[in-house]
Amino acid sequence: MGIAGITGRVGRLLVDEVRAAGAVLAGGTTRHPEQAGELARILPPDARLLTDMAELARISDVVIDFTHADTVVPNAKALAHGGAAWVLGTTGLSAAQLAAVREAAASIAVVHAANFSPGVTLVQRLATMMGRALPAESYDAEIVEMHHRQKVDAPSGTALAIGEAVARGRDVSLADVRESGRDGHTGPRKPGAIGFAALRGGQIVGEHEVLFTSADEQISLAHRAFDRRIFATGAVRAALWLQNRDSGLYNMEDVLGLPPL
């Protein structure tokens, strides 16, 4: 098993979780090889620290990748060429980057998810069911998320994934009904809109809530992450699940064994 961005915050957690799962850590890539010394105390003696994804793909059966959207296209090509399965947790992908993921999935097994928490996966599943069951003309859907002050994107990738789940349940495109960043005199809420609000402060790992509100009632689904380790644990679970899978594009619902809706 390999880890892209092994010297990063999530990468170091992944090292712990790979070892806790009893899996073999072949190595990881980094843009900061000078940090090899401080990683030595937690890396197995035969694990390799690399700067080349193609080399990591060559020595790994699966690579876990929480790096950056800009690396998705070259990583997709390297992993597909090397034949390593891919667990991808990078969010905010462009259409071209998503196309590269799908192209890679034609030759290797890929799990791509905005969030590897089992709890968030279930919130997305329930959001789809509620979007399907609660008429858009009667129930307004709003998604509220809060993260640490250092987060640079808004809404979060997880919030957008929950919004996509609601839109899927309503059989609409999120791009057509999304409302976010309301400010000033915006006029009344558009019928059928899926709204987003992003809050930032402190060191909150991640909080997400989806609300369906009618004139008579409100239903809410909420998830709070207390530790980033939950994402690493879920990603390693996905990597183990990918063993011996056929090529294709999978998600965390597949990993959890949830039946199709």
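Conditions (1) over 18 Å from the mean Cα position of the chain (by Cα); (2) among the β-branched types (Val, Ile, Thr); (3) buried (at least 21 other Cβ atoms within 10 Å of the Cβ); (4) more than 18 Å from Phe226 (Cβ to Cβ), marked per residue:
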{"position": "Ser138", "(1), (2), (3), (4)": "yes, no, no, yes"}
{"position": "His147", "(1), (2), (3), (4)": "no, no, yes, no"}
{"position": "Lys151", "(1), (2), (3), (4)": "no, no, no, no"}
{"position": "Gly157", "(1), (2), (3), (4)": "no, no, no, yes"}
{"position": "Ile162", "(1), (2), (3), (4)": "no, yes, yes, yes"}
{"position": "Ala165", "(1), (2), (3), (4)": "no, no, yes, yes"}
{"position": "Arg168", "(1), (2), (3), (4)": "no, no, no, yes"}
{"position": "Leu174", "(1), (2), (3), (4)": "no, no, no, yes"}
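From the residues in the range 116-136 that are part of a loop (DSSP other than H, G, I, E, B) and among the hydrophobic types (A, V, I, L, M, F, W, C), which one is farthest from Gly192 (Cα to Cα)?
Out of the qualifying residues, it is Phe116.
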Among the residues of the range 218-247, which ones are in contact with a strand residue (DSSP E or B) (Cβ under 6 Å, 6 or more places away or on another chain) and either buried (at least 20 other Cβ atoms within 10 Å of the Cβ) or under 26 Å from Ala104 (Cα atoms) (or both)?
His223, Ala235, Ala238, Ala239, Leu242, Arg245, Ser247
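Yes/no matrix, rows are residues, columns are (1) without any contact (Cβ under 8 Å) to a residue 60 or more places away in the chain; (2) touching a Cys at 6+ places or on another chain (Cβ under 7 Å); (3) within 22 Å of His148 (Cα to Cα):
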| residue | (1), (2), (3) |
| --- | --- |
| Asp216 | yes, no, no |
| Ile219 | no, no, no |
| Phe226 | yes, no, yes |
| Ala235 | no, no, yes |
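Taking the condition of being in a loop (DSSP other than H, G, I, E, B) and either among the charged types (D, E, K, R) or at positive phi (or both), how many residues in the range 137-165 meet it?
4
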Hey, could you check the range 6-24 for residues that are touching a strand residue (DSSP E or B) at 6+ places or on another chain (Cβ under 8 Å) and modelled with pLDDT under 95 and say which is nearest to Arg237 (Cα to Cα)?
Val15
Being on the phi < 0 side of the Ramachandran plot, surrounded by fewer than 16 Cβ atoms within 10 Å (Cβ to Cβ), touching a helix residue (DSSP H, G or I) at 6+ places or on another chain (Cβ under 9 Å) and modelled with pLDDT under 85 narrows Pro33, Pro44 down to just Pro44
Looking at the range 49-70, which of its residues are under 23 Å from Arg237 (Cα atoms) and surrounded by 18 or more Cβ atoms within 10 Å (Cβ to Cβ)?
Leu49, Met53, Leu56, Ala57, Ser60, Val62, Val63, Ile64, Asp65, Phe66, Thr67
Just to verify a result, which residue in the range 188-238, among those that are β-branched (Val, Ile, Thr) and part of a loop (DSSP other than H, G, I, E, B), is farthest from Asn115 (Cα to Cα)?
Ile204
Is at least one residue of the range 162-177 in contact with a His (Cβ under 8 Å, 6 or more places away or on another chain) and within 22 Å of Met130 (Cα to Cα)?
yes
Consider only pairs whose beta carbons are under 7 Å apart and that are at least six residues apart or on different chains; among these, list those whose first residue lies in the range 1-27 and is of a type in the set (Asp, Glu) and whose second residue is assigned to a helix (DSSP H, G or I).
Glu17/Ala232; Glu17/Thr233; Glu17/Val236
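The values are calculated or read from the model by the stated rules, or taken from the named source; none is laboratory data. None of these values were measured; they are calculated from a predicted model. Every residue, glycine among them, receives a Cβ derived from its backbone with ideal geometry; neighbour counts consider all protein chains shown.
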